[in-house]
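Beneath this line is the structure, given in structure tokens, with notes to follow.
The values are calculated or read from the model by the stated rules, or taken from the named source; none is laboratory data. Bear in mind that the values here come from a model prediction, so they are computed numbers and not experimental data. For neighbour counting, all protein chains shown are included, and Cβ atoms are generated from backbone atoms with ideal geometry for every residue, glycine included.
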Amino acid sequence: MLIVRWTRQVKISVLILVQAGLFLAPVSMAMAEAPAVTLSIEARDGLPGFRKADEADYLTDRMRETNLKGWAFTPAPAPSIPPRDRIEWRFELDPFAGGSVRQFFPMPGVQKIFGARHRVTAEAMLYLDDEYQTLVFGQATIAGGAQDKDLADFVTRMTRDLLGEKGAYRSIDMGPAAKP
């Protein structure tokens, strides 16, 4: 059993350590939480079921729902001058291949039976400090429009694949090149 004599020197040492701990705790907590990088969201090509003015707002809202730490999302202000930190989305309708002949437009009869669903290909390109970093690519069958749950899930999945813990951005090797 250790017996400590509470001398004046021991009391002062303990007081200094306690005060240092109280002052350092908020500093270490503030250092642990890095500020979020704000990314501007742009839609380069038409998003099915949306007006051009509504595309970036919809994508931004779906990306915010992912609650990814370290990232914040805002619609891009003016497409003529791209922001330095941004994600550029590109959507392309795939050719319709539901019949015996490959067509580049859906058949009206099939749309009446199965609904107007479209196969789309999308890519999301990440730029930080106006430098290209990486991209993700995906395909989905969607109806389009703000009420389409498949489209919302698709955008959410692509966002996580790009910026999530195991996403494409985190997979980039930022270390120095290996010497041969």
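Does at least one position in region 111-130 carry a residue that is at pLDDT 85 or above, exposed (fewer than 11 other Cβ atoms within 10 Å of the Cβ) and over 18 Å from Ala43 (Cα atoms)?
Within region 111-130, one or more residues are at pLDDT 85 or above, exposed (fewer than 11 other Cβ atoms within 10 Å of the Cβ) and over 18 Å from Ala43 (Cα atoms).
Any residue in region 85-102 that is modelled with pLDDT of 90 or more and more than 16 Å from the chain's Cα centre (by Cα)?
Scanning region 85-102 turns up at least one residue that is modelled with pLDDT of 90 or more and more than 16 Å from the chain's Cα centre (by Cα).
Do you know which residues across region 149-166 are at pLDDT 90 or above and surrounded by fewer than 19 Cβ atoms within 10 Å (Cβ to Cβ)?
If the condition is that a residue be at pLDDT 90 or above and surrounded by fewer than 19 Cβ atoms within 10 Å (Cβ to Cβ), then Lys149, Asp150, Ala152, Asp153, Thr156, Arg157, Arg160, Asp161, Gly164 are the ones that fit.
Kindly list, by first and then second residue, each pair from a residue in region 134-156 that is among the hydroxyl-bearing types (Ser, Thr, Tyr) to a residue that is part of a loop (DSSP other than H, G, I, E, B), limited to pairs with Cβ atoms under 8 Å and residues at least 6 apart or on different chains.
Short answer, once both residue conditions are applied: Thr134/Ala168; Thr134/Tyr169; Thr134/Ser171; Thr134/Ile172; Thr141/Arg117; Thr156/Glu65; Thr156/Thr66.
Here are Leu47, Leu39, Leu68, Leu59: which of them is at pLDDT 75 or above and part of a strand (DSSP E or B)?
Result: Leu39 is the single residue among Leu47, Leu39, Leu68, Leu59 that is at pLDDT 75 or above and part of a strand (DSSP E or B).
For region 54-84, which residues satisfy the criterion of being among the polar types (S, T, N, Q) and surrounded by 14 or more Cβ atoms within 10 Å (Cβ to Cβ)?
Listed by number, the residues that qualify are Thr60, Thr66, Thr74.
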